[in-house]
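Take a look at the structure below.
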Amino acid sequence: MKNISSLIIFLLFISANAFAQFAGQSGNPDGLMLLRNDTIFQLNYRSDGFLEFIPKFKAPYLDSIGALSFWEEDSNYYGIRYDNAHIVRFQENGRYEDLGKAYDSLEKDLPNDDLSSAVIHKNELFVLAYSTNSIYAINLEKRPLQFRVLTKNIGFSLPNTLAYNPRNEKLYILDQNGSPIEIDPKTGAVELPLVKGAFLNFPRKKLLSYGKLWFSIDGRCFLLAGQEGTLYELDTEKRIAFIIANIGFNSPKDAVAGTGLIAPDFIQKDLLNLKVQPYPHMSDILELEWLERNDNKEIAYYYTERFNPNTQIWEEIAFIPGYASTKQANRYTTMDRMPHPVQNCYRLRIVEERGYLRYSQVVCYDKNKSTQLKLSLPIVDFNSNQSLLHVIGFSGKKLDIKLYHPITNEQCWTKNVEIQSEDQSIQIPLPDMGGWFELRIFEGAEMYRLKIFRLI
């Protein structure tokens, strides 16, 4: 199956899984997930712009699991029971298997030393023993399970967090002061940073046993810290922590990142205060204004795009080159001299010099309401009973789109469409009821699945 990252779902005044746009095959997790008590929660972006964790699935056996990870190789979750260090394998459909303990070459079993956080790389489950500052590597392909000591007695008091950095193929942990430590998953060699010191703006005392780390497949790093659950993005190169949101939700248990997670475009640490407003004394012209934070980053190029409701396509209306940062936030403005008669939705396509592409939040302005709606990327404001399926990279393809209620499996809506553009959107009507819906997109023999959650 080809990469479904080219299919992006935009939800209109409904609650949505913000990372559903990056889902892989059916059954694979997508997005940032957190284990709390007997439930796995998934990070969700609401229609009002707030981040929250919503229940993904619940099972009694999850209550005894502390460390958790997901293995794309066999599409199973792997957890470690904190009471006896048994390894369990399970899926969201309820399938559950206790694989027992792991043993080393001397037939000693895996120590149950507060095994608090885990991550899978290749065929090994790496687990952090918080109380001894050790990391064990469990071979998931061996029966009975076998483990090796990757490294012991790391010279720091570690918080409850272990991740894998795909940029340099190293395990990644943080000490209690916020300084990064990288570990070779083959040799166990501990690599301290060349530049000593913690991340700037790092929540040192608040992290401790409530720190959760995720890496996206393109190397962006996210941290959920403190009992109150403050979400940060960590710039691992410049060593700066950027606050994204105070979610008010966390867990002493482990967290897991979806295997298909790429950079979530709606999380923007640089872009500030994107807004649209009538140009002074010229109400038939709309002005876009945005600020960009001074953080000495590379100069970006901005393309202003407007959504055309007739063609369902984002159209470029302006280009503005970025300029060097100063001690103040840079201010940019551009004008739409020919807006649509009633409602106009805008976004910025941002291209950095190193070629990294991202989109800003979507901003909509409705002349009839005389108010501005400031919405986030996965959301475009039309009405309460429609969604927008955003398709990228399928020009010339024929798609058969079907909407199903996942509980009754009843087909709610269907449409055949031929994609005319590399960047095109299709309106999806939703039934007048709340809950989860499943969108199945067929391209010949290929089928893609996306979930939509409507909150009434």
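Read-outs throughout are calculated quantities, based only on the coordinates presented, and are distinct from any laboratory measurement. Here the structure is a predicted model, which means the values were calculated and not measured. Please note: Cβ atoms are built from the backbone with ideal geometry, for glycine as well, and neighbour counts cover all protein chains shown.
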Over 27 Å (Cα to Cα) among Lys58/Lys186; Lys56/Lys122; Lys58/Lys397; Lys56/Lys152 -> Lys58/Lys186; Lys58/Lys397; Lys56/Lys152
Can you classify region 34-126 as rounded, prolate or oblate using the Cα gyration tensor, where a ≥ b ≥ c are the square roots of its eigenvalues, rounded means a/c under 1.5, and otherwise it's prolate if a/b beats b/c and oblate if not? prolate
Sorted by average packing, counted as other Cβ atoms within 10 angstrom per residue and highest first, what order do 333-340, 92-99 take? 333-340, 92-99
Full extension from Ser131 to Asp113: what is 0.36 nm times the residue separation minus their Cα-Cα distance, to one decimal in nm? 5.9 nm
Expected unfolding gain across Asp218-Tyr82 under the 0.36 nm per residue rule, minus the alpha-carbon gap, is 45.8 nm
Rounded to the nearest 0.05, what FRET efficiency do Ile320 and Glu169 have when you use their Cβ-Cβ distance and R0 = 51 Å? 0.85
